[in-house]
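Have a look at the structure below, then the notes.
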Amino acid sequence: MRQPRVVVLGSANMDLVATAPVLPLPGETVLGSDFVMLPGGKGANQAIAAARAGGAAVLLGAVGSDSFGVTLTARLAASGVDTSRLRVVYGSSGVALVSVNAAGENTIVVVPGANAAFTGLSPEEIAVVCAADVLVAQLEIPLDTVLAAAGAARRAGVPVVLNAAPAMRLPAELTELVDLLVVNEREAAAICGHGREDPGALLATVPRALLTAGPAGAWYAARGEPVRHIPPVPVESVDTTGAGDAFTGALAVAWAQGRDLVDAAHWAAAAGAASARRLGASVAMPDRAEIDALYRPPVG
């Protein structure tokens, strides 16, 4: 099977991860049990996920001139991601403060750093987008940059996958460029006011959508087709921080390889489940063999 070229446009952060029995309430201090620094950011995570799932992944984004930037770039390259177009800007890299409880639930605060300076795509970056089999983007970088890349992809006939995170109402100028929208319930509610009770409501803005709901699985909706439920893959969850990114990266690879989107979503669900079995985001992204081991093909 041909290795698809997946271009990911998005953020790269250093994740500062603390684990504790419970997540603190506002004004509360709890004693933690562990602390690690792990490369993350939705763009970096999804690029690593795509590379490990069998794609030729390229990350377009920015890191800072600090030590975090050096570490992020090295870890991406070591994971098989092409970093030749990753910008280095003066100042700090993006940072995410992550708290994880004993059940694997998390809270995250992101400070964008260099990601906020990722503006004005160069002709070389536009050329990378236009040579892709699929473009994957999120919303942790400036919206104008996402619009520029999605517009270039549309003109070149490259499918655009938008993981609309963090949650926000999407402008029509962006949704009209999106071929597949991937959102969780909170993000879906921000876009259309509905969650899993009406995943088809997302089709008012995009032609295809996948709504993920953690242990409840996911729903695939496409104009002119019945909504399909993607059942969850049962695993013992340790940390769900990067599960959505594993899902999106693997989904992009499967779709770019020519699998229909229902089957691709089942395979992506296996990737998300596999990642939840380990602590961290980018370091938890599963390889193709792990995904295949958990994959359950669609029935009917």
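The values are calculated or read from the model by the stated rules, or taken from the named source; none is laboratory data. All figures in this text were calculated on a predicted structure; none of them were measured in a lab. Please note: Cβ atoms are built from the backbone with ideal geometry, for glycine as well, and neighbour counts cover all protein chains shown.
Structural remarks
- Members of the stretch 17-42 found to be among the aliphatic types (A, V, I, L, M) and out of contact with any Pro (no Cβ under 9 Å at 6 or more places or on another chain), listed by number: 17, 18, 20, 22, 23, 25, 36, 37, 38
Conditions (1) basic (Lys, Arg); (2) in a strand (DSSP E or B); (3) touching a Pro at 6+ places or on another chain (Cβ under 7 Å); (4) at pLDDT below 95, marked per residue:
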position	(1), (2), (3), (4)
85	yes, no, no, no
92	no, no, no, no
114	no, no, no, no
149	no, no, no, no
165	no, no, no, yes
177	no, no, no, no
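- Boolean, residue 227 is in contact with a Pro (Cβ under 8 Å, 6 or more places away or on another chain), buried (at least 17 other Cβ atoms within 10 Å of the Cβ) and not acidic (Asp, Glu): no
The rows are residues; the columns are (1) more than 30 Å from residue 107 (Cβ to Cβ); (2) touching a Ser or Thr at 6+ places or on another chain (Cβ under 6 Å); (3) in a helix (DSSP H, G or I).
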{"position": "262", "(1), (2), (3)": "yes, no, yes"}
{"position": "268", "(1), (2), (3)": "no, no, yes"}
{"position": "293", "(1), (2), (3)": "yes, no, yes"}
{"position": "297", "(1), (2), (3)": "yes, no, no"}
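- Single unsatisfied condition, residue 99 versus (1) within 15 Å of residue 14 (Cβ to Cβ); (2) assigned to a strand (DSSP E or B); (3) over 17 Å from the mean Cα position of the chain (by Cα); (4) not acidic (Asp, Glu): (1)
- Between 93, 79, the distinction of being among the small types (Gly, Ala, Ser), in contact with a strand residue (DSSP E or B) (Cβ under 6 Å, 6 or more places away or on another chain) and touching a residue at least 40 places away in the same chain (Cβ under 8 Å) belongs to 93 only.
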